[in-house]
Amino acid sequence: MDSKSWLKYFSIIVLILIMVLSMATYIIDPLYYYDYEASTKIINPRFSNAGLIKNYEYDTVIIGSSMVQNFNMDSFRDKMNLYPLKVTAGGLTTKEQISLYEMIEQEGKASTFIMSIDIHTMAKEGADNVAQKKFPSYLYNDTAFDDYNYLIGYEVWMRFLPVNLAFWMIDKANVTMSDSFEYYINVDKIGDWSNDYSYSEEVVKEKYLSKIDATTSLMIPQIEDNISYNIEILAQSIVLESDKQYIFFFPPYSALFWFKAKEEDYFDLLMNGKKEFIQRFSGYENIRIIDMQDCCEIIDLDNYRDATHYNPVIQESIIDKIVDGSCDVKEENMDVKIEELEILIQEFEACNEWLQKNR
């Protein structure tokens with residue numbers, strides 16, 4: 001066979017392979033991009049969000065980073081009579097939150113938005129930063145031509161299609177899978193890592209002292225500008241005065257996180273950013289802001305797996321505070337709550353001499 005014939009047959013084979021895999025992607029639809037029906041499909045926090053936004057039934061959306069991933073969706077149903085969908089990804093930036101929000105608004109199904117506000121993430125991401133490369137932006141627009149990224153994309157073919165096909169075959173064979181498998185296919189459990197880690201003071205101390213923790217140092221000269229930029233792009237994106245309800249919450253990071261912020265001289269900058277956020281968004285009847293960063297639980301490291309990530313007990317407490325309103329913050333009480341946080345940090349430092357070892 002000469003080279004021209006070989007190239008011809010090879011091209012035909014490749015074309016057929018692409019067509020077959022594209023058809024398989026369309027039929028199996030591993031990311032629920034075209035339709036939603038409960039099944040054994042693996043749900044990935046970053047890649048499945050778009051399909052769920054389009055095709056899942058909900059009236060409330062919870063948007064955020066790992067700070068929302070362990071929320072018990074049944075608690076929102078039972079305590080607030082909501083029909084929630086959680087759209088999340090670890091380290092979610094403000095720009096990514098906005099992309100999710102805009103797609104949700106376009107679908108028109110949500111009347112309530114609950115969003116985590118990671119002020120230290122805002123401090124890292126400024127106008128010059130591009131959205132994370134892992135964020136599949138092609139899934140979040142209406143351009144039909146962009147569907148080729150889904151139908152013949154590397155992520156789908158190499159990561160999601162094979163494993164979903166395998167689990168589909170296992171399911172059809174009536175093979176019983178472990179209970180832990182539920183965490184990978186249940187929409188309510190998307191991104192849930194609550195059973196993957198241990199929560200204890202010893203674990204947190206070890207990570208902190210060995211510098212294997214989630215306390216990221218920040219570039220001080222950029223903090224204020226970055227936070228202001230993110231606050232403004234968020235304010236420009238959402239409908240501030242409408243019949244939609246917005247509930248923003250500041251997650252209760254551990255006192256260890258805030259201790260390090262003080263040690264590295266950016267605590268006041270983060271607090272100024274928090275105050276700027278509160279001033280920008282409070283005063284609207286359809287907006288509530290929850291601040292749990294001064295709750296007494298933050299000084300007990302047994303509630304954490306590292307300096308920022310808390311256990312399901314605190315996660316449930318956030319829902320309770322949303323329900324009862326006891327941690328709502330406005331301009332009138334924001335300074336008092338920051339003062340209370342500083343008192344907790346001082347108490348935490350006084351009770352933990354080991355903190356000096358990392359100085």
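Every number in this text was worked out from the coordinates using simple rules, so none of it is lab data. In this text, all values refer to a predicted model and were calculated from it rather than measured experimentally. Positions of Cβ are generated from backbone atoms using ideal geometry, with glycine treated the same way; all protein chains shown enter the neighbour counts.
Would you compute the Debye intensity of the range 144-273 from its alpha-carbon atoms alone, equal scatterers and no solvent, and pass along log10 I(q)/I(0) at q = 0.09, 0.14, 0.16 Å⁻¹ to two decimals?
So the normalised log intensities work out to -0.57, -1.08, -1.11.
Build a GNM of the chain with springs between Cα atoms under 10 Å: which of 220, 290, 16 gets the top mean-square fluctuation?
16
Name the long-range amide H neighbours of residue 245: under 5 Å, sequence gap of 5 or more, or other chain; modelled H, no Pro or chain starts.
112, 113
Can you give me the distance in nm between label points at residue 285 and residue 339, each placed 7 Å from the Cα along the Cα-to-Cβ direction?
3.2 nm
Could you compute the net charge surrounding residue 84? Neighbours are other residues with a C-beta less than 10 Å from the C-beta of residue 84; K and R count +1, D and E count -1.
Net of charged neighbours comes to -1.
Which value results when the Cα radius of gyration for the range 1-113 is divided by 2.2 N^0.38 Å?
Expressed relative to 2.2 N^0.38 Å, the Cα Rg reads 1.50.
Could you derive backbone 3J(HN,Hα) for the range 286-302 from the dihedral phi with the Karplus parameters 6.51, -1.76 and 1.60 (θ = phi - 60°), listing whole Hz in sequence and x where the residue is Gly or Pro?
9, 10, 10, 10, 9, 10, 9, 6, 10, 6, 5, 5, 5, 8, 9, 5, 5
Highest mean first, what order results for 164-176, 98-110, 270-282 on Cβ atoms within 10 Å?
Packing proxy ranking, top to bottom: 270-282, 98-110, 164-176.
Through the Karplus equation 6.51 cos²θ - 1.76 cosθ + 1.60, θ set to phi - 60°, convert the phi angles of the range 67-83 into ³J(HN,Hα) values in whole Hz; use x for Gly and Pro.
Each residue of the range 67-83 in turn: 5, 10, 5, 9, 4, 8, 5, 5, 5, 5, 5, 6, 8, 10, 6, 10, 10 Hz.
Could you give the radius of gyration (one decimal) and Dmax (whole number) of the Cα atoms in the range 229-359, in Å?
Final numbers for Rg and Dmax: 15.7, 52 Å.
Amide H to amide H, which residues 5 or more places from residue 86 or on other chains are under 5 Å from it, using H placed in the peptide plane?
62
Hey, what's the Cα Rg ratio for the range 1-43 versus the globular rule of thumb, 2.2 N^0.38 Å?
This ratio for the range 1-43 stands at 1.78.
In a Debye calculation with equal point scatterers on the alpha-carbon sites of the chain and no solvent, what is log10 I(q)/I(0) at q = 0.09 Å⁻¹?
Values, matching the q order: -0.56.
Can you give the angle from 0 to 90° between the axis of helix 45-55 and the longest principal axis of the chain, with both taken from C-alpha atoms, to the nearest 10?
So the helix axis and the longest Cα principal axis differ by about 70 degrees.
Tell me the angle of helix 267-281 to the major Cα principal axis of the chain, expressed in degrees between 0 and 90 and rounded to the nearest ten.
The answer is roughly 70 degrees.
Can you give me the long-range amide H partners of residue 34? Hydrogens built in the peptide plane at 1.01 Å from N, cutoff under 5 Å, separation of 5 or more residues or another chain.
The list, which skips near neighbours in sequence, is empty: none.
If one takes the longest principal axis of the Cα atoms in the chain, at what angle in degrees, from 0 to 90 and to the nearest 10, does the Cα axis of helix 3-28 lie?
That works out to roughly 50 degrees.
Which of 234, 67, 53 sits farthest toward the positive end of the charge dipole of the chain, with +1 on the Cβ of Lys and Arg and -1 on the Cβ of Asp and Glu?
Going by the Cα projections, it comes out as 53.
State to the nearest 20 debye the size of the charge dipole of the range 1-101 about its Cα centre, where the only charges are +1 on K and R beta carbons and -1 on D and E beta carbons.
For this selection, approximately 320 debye.
Does the range 51-179 classify as rounded, prolate or oblate by the C-alpha gyration tensor (a ≥ b ≥ c root eigenvalues; a/c under 1.5 gives rounded; else a/b over b/c gives prolate, otherwise oblate)?
oblate
About its Cα centre, how strong a charge dipole does the chain have in debye, to the nearest 20, once Lys and Arg get +1 and Asp and Glu get -1 at the Cβ?
1580 debye
Looking only at Cα atoms, what is the convex hull volume of the range 84-128 per residue, in Å³?
Looking at the range 84-128, the number lands at 81 Å³ per residue.
Using the charge dipole of the chain (Lys, Arg: +1 at Cβ; Asp, Glu: -1 at Cβ; taken about the Cα centre), state which of 170, 113, 254 has its Cα farthest towards the positive end.
Going by the Cα projections, it comes out as 170.
log10 I(q)/I(0), Debye, Cα-only the range 222-287, no solvent, q = 0.11, 0.13, 0.24 Å⁻¹?
Per q value, in the given order, log10 I(q)/I(0) is -0.32, -0.44, -1.09.
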